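Chemist: Dropping the structure in here first, questions after.
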Amino acid sequence: MDNSNSVPRRVAVYCASALGTHPAYRAEAEALGRAIATAGLSLVYGGANSGLMGAVADSALVGGAEVIGVLPAVLADREIAHAGLTRIELVGSMHERKARMVELADAFLVLPGGYGTLDELLEVVTWAQLKIHTKPCILINTQGYWNGLLQFLDSAVNEGFIKPRYRALLQVAANAEEAVSIAALTS
Ligand code: AMP
């Protein structure tokens, strides 16, 4: 699907399978679900019911949004699949999941998270660098959670490992509403 220069219809959200220690993280995930629903967008995410993943899905569903989960079958067997989604796609591996989410979505939004979220974020930005897609990648910097990563990326530019124009592929929003607005403007 070529979505360049079009209004986004579906946004993928990458985020933690945990809730994090501060209530602001869950509140941001819920605000993001609401903002997606209010903007008339669909949510594509990892399909689990835990942590910030469950929070963003629940909130989008309450707001009336279509929510598509893309879950490796091995994780569904461990009873972590969200039972109330509009649609769940079971895939064979984590690699298939990531490829399918990129295919389905018109923009990528990233809430706080750990290794899994970092993996998804860095892959989707790398794919933008390689022009495998041209869709916006937007970090939601709740409570400055991503400041350490952003500083590291700036140092990687200074050290000559990331070109400034590729550094700019990763946009930063202060909160969920701003991220949805940026996605709508730049998709
Ligand atoms: P993490 O940031 O390490 O919590 O990992 C979150 C990301 O990795 C999610 O966006 C999922 O794609 C994937 N992931 C990690 N743990 C799970 C889980 N228990 N169920 C489903 N997906 C998970």
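Chemist: Against the longest alpha carbon principal axis of the chain, how many degrees, from 0 to 90 and to the nearest 10, is the axis of helix 115-129 turned?
Modeler: The angle comes out near 60 degrees.
Chemist: Something else: What is the sum of charges, Lys and Arg at +1 and Asp and Glu at -1, for the other residues whose Cβ falls under 11 Å from the Cβ of GLY113?
Modeler: -2
Chemist: When the dipole is taken about the Cα centre of the stretch 10-186, and only Lys, Arg (+1) and Asp, Glu (-1) are charged at their Cβ, what size is it in debye, to the nearest 20?
Modeler: Taking the Cα centre of the stretch 10-186 as origin, the dipole is about 340 debye.
Chemist: 7 Å from Cα along Cα→Cβ at both ALA168 and GLU89: what's the point-to-point distance in nm?
Modeler: Using points 7 Å along Cα→Cβ, the separation is 3.2 nm.
Chemist: Next question, about the same structure. Just subtract the alpha-carbon distance of THR21 and ALA156 from 0.36 nm times their residue separation and send over the number in nm, one decimal.
Modeler: 45.7 nm is the gain from fully extending THR21 to ALA156.
Chemist: Another question, if that's okay. By how many degrees, between 0 and 90 and to the nearest 10, does the Cα long axis of helix 147-158 differ from the longest principal axis of the chain?
Modeler: 40 degrees
Chemist: Could you work out how far helix 23-38 tilts from the main Cα principal axis of the chain, as a 0 to 90 degree angle to the nearest 10?
Modeler: Value to nearest ten degrees: 80.
Chemist: Over the stretch 32-90, average the accessible area per residue using a 1.4 Å probe and give it in Å², no decimals.
Modeler: Accessible area per residue: 41 Å².
Chemist: On to the next question. Ranked from highest to lowest mean number of other Cβ atoms within 10 Å per residue, what is the order of the peptides 159-165, 126-132, 66-72?
Modeler: Top to bottom by mean Cβ count within 10 Å: 66-72, 126-132, 159-165.
Chemist: Starting at the first residue of the stretch 57-64, write each ³J(HN,Hα) from the Karplus equation 6.51 cos²θ - 1.76 cosθ + 1.60 with θ = phi - 60°, in whole Hz, x for Gly and Pro.
Modeler: Residue by residue, the stretch 57-64 yields 5, 4, 5, 5, 5, 4, x, x Hz.
Chemist: Still on this structure, I have one more. Share of the stretch 10-186's accessible area from carbon and sulfur, percent, 1.4 Å?
Modeler: 56 percent
The values are calculated or read from the model by the stated rules, or taken from the named source; none is laboratory data. Quick caveat: nothing in here was measured; it's all calculated off a predicted structure. Backbone-built Cβ (ideal geometry, glycine too); neighbour counts: all protein chains shown. When the accessible area is computed, the model is the full protein with side chains, heavy atoms only, and any ligands, DNA or RNA have been set aside. Shrake-Rupley method; radii C 1.70, N 1.55, O 1.52, S 1.80 Å.
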